[in-house]
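Participant: If you scroll down you'll find the structure; I have some questions about it.
The values are calculated or read from the model by the stated rules, or taken from the named source; none is laboratory data. From a predicted model like this one, the values you see are computed outputs, not experimental measurements. FYI the Cβ positions are ideal-geometry reconstructions off the backbone, even for glycines, and counts take in every protein chain you see. With ligands, DNA and RNA removed, areas are computed over all heavy atoms of the protein, side chains included. Shrake-Rupley method; radii C 1.70, N 1.55, O 1.52, S 1.80 Å.
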Protein chains: 2
Amino acid sequence: MGSLDAVARIIEKSNKILMTTHVNPDGDAVGSLLGLGLALVNSGKDVMMVTAAPIPAVYQYLPGSELLQLPSMLSTREFEAGVVLDCTDLSRIGGDLPELLNGAGSVVNIDHHISNTHFGDVNAVDPKAAATGEIVLDLLLLMGIPVTPDIATNLYTALITDTGSFRHQNTTARCHRTAAVLLEYGADHVLVHNCLYEQRTLSSLMLLKAGLETLSLSKDGRIAWMAISYEDILSSGCNMEDCEGIIDYPKSLRGVEVGILFKEVKPGEIKVSFRSKQYLDVNRLAASFGGGGHERAAGCTVKGNLADAVAMIVRTTEEHLRLAMNNGGVS
Amino acid sequence: MGSLDAVARIIEKSNKILMTTHVNPDGDAVGSLLGLGLALVNSGKDVMMVTAAPIPAVYQYLPGSELLQLPSMLSTREFEAGVVLDCTDLSRIGGDLPELLNGAGSVVNIDHHISNTHFGDVNAVDPKAAATGEIVLDLLLLMGIPVTPDIATNLYTALITDTGSFRHQNTTARCHRTAAVLLEYGADHVLVHNCLYEQRTLSSLMLLKAGLETLSLSKDGRIAWMAISYEDILSSGCNMEDCEGIIDYPKSLRGVEVGILFKEVKPGEIKVSFRSKQYLDVNRLAASFGGGGHERAAGCTVKGNLADAVAMIVRTTEEHLRLAMNNGGVS
């Protein structure tokens with residue numbers, strides 16, 4: 001709690017505050033930024049919430065998203081404090097925001113990633129939090145700032161995107177207690193679920209259909225994959241956001257340990273996503289192709305022909321899986 | 001709490017206890033039955049947990065499911081108490097279990113459905129609970145029976161099946177607090193999600209693909225439907241369990257208010273499922289075809305040719321939707 005006290009003191013004594021988060025922001029990034037940002041606006045602070053690029057369309061339902069600015073829109077470049085949310089290091093902020101922060105009086109770093117570089121003057125980094133939104137709620141309660149329904153909806157979004165709606169391994173009792181408090185403060189969980197999970201496009205379902213046509217299983221049934229060609233993507237009219245979630249299908253099969261999705265994003269360039277259920281370290285697997293990620297979710301990019309890439313990567317996955325099995329399920 | 005005290009007293013003074021739940025049991029039914037059943041076994045009671053038919057395969061992962069018996073397997077037909085879980089009325093228990101219960105000393109009725117008929121000698125009916133499992137947890141805490149990880153996993157399953165993994169409108173702060181307590185007692189939430197959501201069969205994905213090929217939208221984009229023919233079902237090798245979840249796809253489209261799934265379960269017999277997002281009362285819509293359900297999820301069965309059934313039902317849905325819109329979104 002010590003570092004949260006220090007964060008609170010800096011925020012309390014600052015008026016002009018720059019707030020931001022990482023590039024390609026997810027729900028925890030945008031939800032934490034807007035949740036804390038709206039709270040500080042309500043407290044009378046002169047807050048500027050900035051992202052290096054416009055946020056993904058899926059998060060535009062978030063209350064306060066109309067207040068977000070691009071760096072070019074800023075009316076000033078001088079701040080008493082900078083607050084960075086959900087960001088492991090300054091290089092992930094994008095644009096000229098790192099320089100702007102360097103010029104700010106104090107930089108506050110609020111994050112839950114274990115790899116955080118503690119780049120701030122004050123660092124509230126709690127790797128035990130499943131989402132940065134959890135830390136923001138603690139901060140608001142500590143500072144005695146009222147949690148309005150709009151703030152609660154933002155922090156609830158932060159929480160569910162980083163826990164996969166309470167399904168991922170990182171979900172703790174604390175996550176559920178945070179959710180309980182946010183619902184009591186008026187988080188609109190029906191709106192959030194509707195906006196996050198019930199806004200599929202027709203083209204994304206057509207792409208899913210094309211992907212299902214390629215669904216394949218290894219002989220032992222432990223690896224499943226789908227391969228989406230550049231033509232499939234073009235003819236469905238999909239953008240990359242539409243592809244999200246397709247990776248869950250191969251992994252969802254009974255008996256499958258590793259799901260793989262191949263997407264030919266340009267002719268000759270194939271993005272590969274890996275997901276594992278219980279024991280294969282796909283971070284290590286992806287790293288062998290120059291990629292990376294986490295133990296259960298990782299990815300890489302390879303060049304070449306789609307069919308060749310599939311054959312090569314499935315073969316390597318089989319080898320990793322065999323080793324993992326021989327090591328008693330620990331790869 | 002008064003009725004829970006009365007339930008606790010009956011259970012405490014009884015040794016030979018018959019426990020059961022409704023036919024076609026869902027996760028709340030089986031999880032509540034096994035959660036309370038295991039707790040009473042651990043307390044030294046002579047408990048018989050009975051279902052009228054074998055439980056669905058998807059719930060066989062639940063700890064203690066091997067203790068479930070069919071009525072024909074019972075070694076006695078005399079009980080000091082009967083405990084019925086998650087069941088609106090005695091007629092929903094199935095088999096000769098209602099007669100067996102009639103012969104028991106006292107019948108305890110633990111449920112959360114508002115339509116419960118209060119058929120027990122003691123009734124712990126709490127319509128504010130999102131799942132019967134929530135009431136069972138309260139009972140165990142009241143009786144001071146230790147909640148083991150196995151019990152917690154059962155009650156966690158009860159909770160997430162009835163709240164759609166905390167996504168449905170009925171999810172409350174209490175649900176999340178219950179989940180927090182169950183995780184602390186050792187509920188294996190990763191196992192539960194893996195067993196409930198990552199056990200798809202290849203044939204179910206092939207049926208999904210066939211369904212996606214028929215995905216259609218009304219002109220105004222507010223009704224979406226899929227029609228699965230008897231041939232599709234036969235050629236995919238699917239059973240009815242494999243069809244679950246397919247109804248979510250038409251509804252998940254952006255801008256859609258009503259999703260409809262048509263399944264030709266036998267030549268000339270079509271099961272129709274309706275889901276709505278915000279304002280159409282599909283219970284009333286289904287009732288106009290002799291079916292029923294809830295405001296946001298309902299179904300019916302119609303006879304005839306698949307294409308004719310689709311045309312007729314989509315037309316009627318358009319009429320209901322028009323009326324609902326004219327009434328300011330209240331149908």
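Participant: Any residue at all in segment B:294-302 that is in a loop (DSSP other than H, G, I, E, B) and in contact with a Lys or Arg (Cβ under 9 Å, 6 or more places away or on another chain)?
Facilitator: From segment B:294-302, those in a loop (DSSP other than H, G, I, E, B) are B:294-296; that's our starting set.
Next, only the ones that are in contact with a Lys or Arg (Cβ under 9 Å, 6 or more places away or on another chain) stay: B:295-296.
Yes, some residue in segment B:294-302 is in a loop (DSSP other than H, G, I, E, B) and in contact with a Lys or Arg (Cβ under 9 Å, 6 or more places away or on another chain).
Participant: Out of everything in segment A:284-295 that is open to solvent by 60 Å² or more (accessible area, probe 1.4 Å) and touching a strand residue (DSSP E or B) at 6+ places or on another chain (Cβ under 8 Å), what residue ends up being farthest from residue A:264 (Cα to Cα)?
Facilitator: Applying the first criterion (open to solvent by 60 Å² or more (accessible area, probe 1.4 Å)) to segment A:284-295 yields A:284, A:288, A:290, A:294-295.
Okay, now just the ones that are also touching a strand residue (DSSP E or B) at 6+ places or on another chain (Cβ under 8 Å), so A:290, A:295.
Values: A:290: 17, A:295: 24 Å.
Checking each candidate, the answer is A:295.
Participant: For residues in segment A:219-232 being touching a helix residue (DSSP H, G or I) at 6+ places or on another chain (Cβ under 7 Å) and open to solvent by 10 Å² or more (accessible area, probe 1.4 Å), which is farthest from the other protein chains (Cβ to nearest Cβ)? Walk me through how you get there before you give the answer.
Facilitator: From segment A:219-232, those touching a helix residue (DSSP H, G or I) at 6+ places or on another chain (Cβ under 7 Å) are A:222-229, A:232; that's our starting set.
Filter once more, keeping what is open to solvent by 10 Å² or more (accessible area, probe 1.4 Å): A:222, A:225, A:227, A:229, A:232.
Numbers: A:222: 13, A:225: 13, A:227: 15, A:229: 17, A:232: 14 Å.
Once the filter is applied, the top-ranked residue is A:229.
Participant: Look at segment A:76-129 and say how many of its residues are more than 16 Å from the chain's Cα centre (by Cα), part of a helix (DSSP H, G or I) and closer than 23 Å to residue A:55 by Cβ.
Facilitator: Residues meeting the conditions: 7.
Participant: Return the residue satisfying two criteria in turn: it lies in segment B:291-308 and is at pLDDT 95 or above and not hydroxyl-bearing (Ser, Thr, Tyr), and of such residues it is nearest to residue B:169 (Cα to Cα).
Facilitator: Our first condition is that a residue be at pLDDT 95 or above; within segment B:291-308, this holds for B:300-308.
Applying the additional criterion that residues be not hydroxyl-bearing (Ser, Thr, Tyr) yields B:300, B:302-308.
Details: B:300: 23, B:302: 29, B:303: 33, B:304: 35, B:305: 35, B:306: 33, B:307: 33, B:308: 34 Å.
Result: B:300.
Participant: Still on this structure, I have one more. Here are B:313, B:270, B:260: which of them is among the aliphatic types (A, V, I, L, M) and either touching a His at 6+ places or on another chain (Cβ under 7 Å) or without any contact (Cβ under 8 Å) to a residue 40 or more places away in the chain (or both)?
Facilitator: Details: B:313 fails: either touching a His at 6+ places or on another chain (Cβ under 7 Å) or without any contact (Cβ under 8 Å) to a residue 40 or more places away in the chain (or both); B:260 fails: either touching a His at 6+ places or on another chain (Cβ under 7 Å) or without any contact (Cβ under 8 Å) to a residue 40 or more places away in the chain (or both).
Every option except B:270 fails the conditions.
Participant: Only one residue in B:285, B:280 is assigned to a helix (DSSP H, G or I) and either outside the structural domain of residue B:221 (by TED's automatic domain parsing) or not basic (Lys, Arg) (or both), so which one is that? Before you say what the answer is, go through the steps one by one.
Facilitator: Numbers: B:280 fails: assigned to a helix (DSSP H, G or I).
When all the criteria are applied, what remains is B:285.
Participant: Can I ask one more? For residue A:235, only one of the following conditions fails: (1) small (Gly, Ala, Ser); (2) more than 10 Å from every other protein chain (Cβ to nearest Cβ); (3) assigned to a strand (DSSP E or B). What is its number?
Facilitator: (3)
Participant: Considering only residues that are open to solvent by less than 30 Å² (accessible area, probe 1.4 Å) and under 28 Å from residue A:128 (Cβ atoms), look in segment A:189-204 and name the one that is farthest from the other protein chains (Cβ to nearest Cβ).
Facilitator: A:192
Participant: Name every residue in segment A:155-187 that is assigned to a loop (DSSP other than H, G, I, E, B), among the β-branched types (Val, Ile, Thr) and more than 7 Å from chain B (Cβ to nearest Cβ), in order of residue number. Steps first, answer last, please.
Facilitator: Taking segment A:155-187 and keeping what is assigned to a loop (DSSP other than H, G, I, E, B), we get A:164-172, A:185-187.
Narrowing further to those that are among the β-branched types (Val, Ile, Thr): A:171-172.
Correct list: empty.
Participant: Looking at A:115, A:43, A:91, can you tell me which residue is open to solvent by 10 Å² or more (accessible area, probe 1.4 Å), free of Cβ contacts under 8 Å to residues at least 12 places away in the same chain and out of contact with any Asp or Glu (no Cβ under 6 Å at 6 or more places or on another chain)? Steps first, please.
Facilitator: Details: A:115 fails: free of Cβ contacts under 8 Å to residues at least 12 places away in the same chain; A:43 fails: free of Cβ contacts under 8 Å to residues at least 12 places away in the same chain.
The unique qualifying residue is A:91.
Participant: Same structure, new question: May I ask you to list the residues in segment A:7-21 that are surrounded by fewer than 24 Cβ atoms within 10 Å (Cβ to Cβ) and either in contact with a Ser or Thr (Cβ under 7 Å, 6 or more places away or on another chain) or not in a helix (DSSP H, G or I) (or both)?
Facilitator: A:10, A:14, A:15, A:16
Participant: Can you name the number of the only condition in (1) assigned to a loop (DSSP other than H, G, I, E, B); (2) within 25 Å of residue A:182 (Cβ to Cβ); (3) over 20 Å from the mean Cα position of the chain (by Cα) that residue A:62 fails?
Facilitator: All conditions pass for residue A:62, except number (3).
Participant: On to the next question. From the set of residues in segment B:245-277 that are under 25 Å from residue B:304 (Cβ atoms) and assigned to a helix (DSSP H, G or I), which is least open to solvent (accessible area, probe 1.4 Å)?
Facilitator: The residue in question is B:250.
Participant: Here's a follow-up. Condition check: in contact (Cβ under 8 Å) with a residue 24 or more places away in the chain, more than 7 Å from chain A (Cβ to nearest Cβ), outside any loop (DSSP other than H, G, I, E, B) and within 22 Å of the chain's Cα centre (by Cα). Does residue B:207 satisfy that? Before the answer, list the steps.
Facilitator: Values: in contact (Cβ under 8 Å) with a residue 24 or more places away in the chain: yes; more than 7 Å from chain A (Cβ to nearest Cβ): yes; outside any loop (DSSP other than H, G, I, E, B): yes; within 22 Å of the chain's Cα centre (by Cα): no.
No.
Participant: Return the residues of segment A:129-165 that are open to solvent by 10 Å² or more (accessible area, probe 1.4 Å) and at pLDDT 95 or above; say none if nothing qualifies.
Facilitator: Listed by number, the residues that qualify are A:138, A:141, A:142, A:143, A:144, A:145, A:146, A:147, A:148, A:149, A:150.
Participant: Just need a number here: residues in segment B:166-188 that are open to solvent by less than 20 Å² (accessible area, probe 1.4 Å) and either in contact (Cβ under 8 Å) with a residue 24 or more places away in the chain or not assigned by TED's automatic domain parsing to the domain that holds residue B:41 (or both). So that I can check it myself, show each step before the final result.
Facilitator: Step one: list which residues in segment B:166-188 are open to solvent by less than 20 Å² (accessible area, probe 1.4 Å), which gives B:166, B:171, B:173, B:175-176, B:178-180, B:182, B:187.
Retained after the next criterion (residues that are either in contact (Cβ under 8 Å) with a residue 24 or more places away in the chain or not assigned by TED's automatic domain parsing to the domain that holds residue B:41 (or both)): B:171, B:175, B:178, B:182, B:187.
Final tally of qualifying residues: 5.
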